[in-house]
Amino acid sequence: DGVVLNTPLVDEVDVKLMRTMAYGAQGQLAPMASVVGSVVAQEALKGISGKFTPVNQFLVFDAEEVLPKIENEAGEVDEEEFAMQSTRYDGQVACLGKTMQEQLGKLSYFLVGAGAIGCEMLKNWAMMGVACGESGAVHCTDMDVIEKSNLNR
């Protein structure tokens, strides 16, 4: 007759997975925020204009494989690895750790073409701190000629 409210929904809880997800939920990744923001904006325009039907479903993005191992050999969490450092990259450090952020800063990239996709790549790299370390570098080339007619693009 009555509904049981305390029935477990899973047989066992993966504590390591829950801890990893909790650490990852503290931060944000700039490229992911960019993609989600663009999808939301597109769907809002569809709904406001009434010209197209907005998507009526859920989006689930699972990228657990990118999250670092947060526990050492003794099973303890290295709090210092994910601690805030009062930098613009704190949201990313909370997800990926200080070590990964340092590795991103040391990268060297060469980008060919600074058009629509190239500009978005450069923006995301800058927001992520790619090549922003002492030994990092980004080299960019674009053979396009700037003319008055394409300044608005």
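The values are calculated or read from the model by the stated rules, or taken from the named source; none is laboratory data. As the structure is a prediction and not an experimental result, all values here were calculated from the model. Cβ placement follows ideal geometry from the backbone for every residue including glycine, while neighbour counts extend to all protein chains displayed. The accessibility values were calculated without ligands, DNA or RNA, using every heavy atom of the protein model including side chains. Shrake-Rupley method; radii C 1.70, N 1.55, O 1.52, S 1.80 Å.
The table that follows gives values for the structure above.
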quantity: Across LYS69/LYS106; LYS16/LYS106; LYS51/LYS148, pairs whose alpha-carbon gap is larger than 26 Å; calculated: LYS16/LYS106; LYS51/LYS148
quantity: MRE, 222 nm, helices only [DSSP H, n ≥ 4, -39500 (n - 2.57), over the chain, to nearest 500]; calculated: -11500 deg cm²/dmol
quantity: 5 angstrom amide H check on TYR109, placed H, neighbours 5+ away; calculated: ALA137, VAL138, HIS139
quantity: In order through region 6-17: 3J(HN,Hα) via Karplus (6.51 cos²θ - 1.76 cosθ + 1.60), integer Hz, x for Gly, Pro; calculated: 9, 6, x, 8, 10, 6, 9, 9, 7, 5, 5, 5
quantity: The chain, accessible surface, carbon-and-sulfur percent (1.4 angstrom probe); calculated: 59 percent
quantity: Cα-based shape type of region 44-121, given that a ≥ b ≥ c are square roots of the gyration tensor eigenvalues and the cut on a/c is 1.5; calculated: oblate
quantity: Region 52-64 - phi-based ³J(HN,Hα) in whole Hz, Karplus 6.51/-1.76/1.60, Gly and Pro as x; calculated: 10, 8, x, 5, 10, 7, 9, 10, 10, 10, 10, 10, 4
quantity: Residue-normalised accessible area of region 2-153, given per residue in Å² at a 1.4 Å probe; calculated: 78 Å²
quantity: Answer label, with Cα extents along the principal axes in Å calculated from the coordinates and candidates [x] 74, 50, 24; [y] 66, 45, 28; [z] 49, 38, 19; calculated: [x]
quantity: FRET efficiency for LYS106 and ASN56, using Cβ-Cβ distance with R0 set to 30 Å, rounded to 0.05; calculated: 0.10
quantity: Backbone HN-Hα couplings from phi across region 100-111 [Karplus 6.51/-1.76/1.60, Hz, Gly and Pro as x]; calculated: 5, 5, 5, 5, 4, x, 8, 5, 10, 10, 10, 10
quantity: For the chain: relative contact order, % (alpha-carbon pairs under 8 angstrom, 6 or more apart); calculated: 21 percent
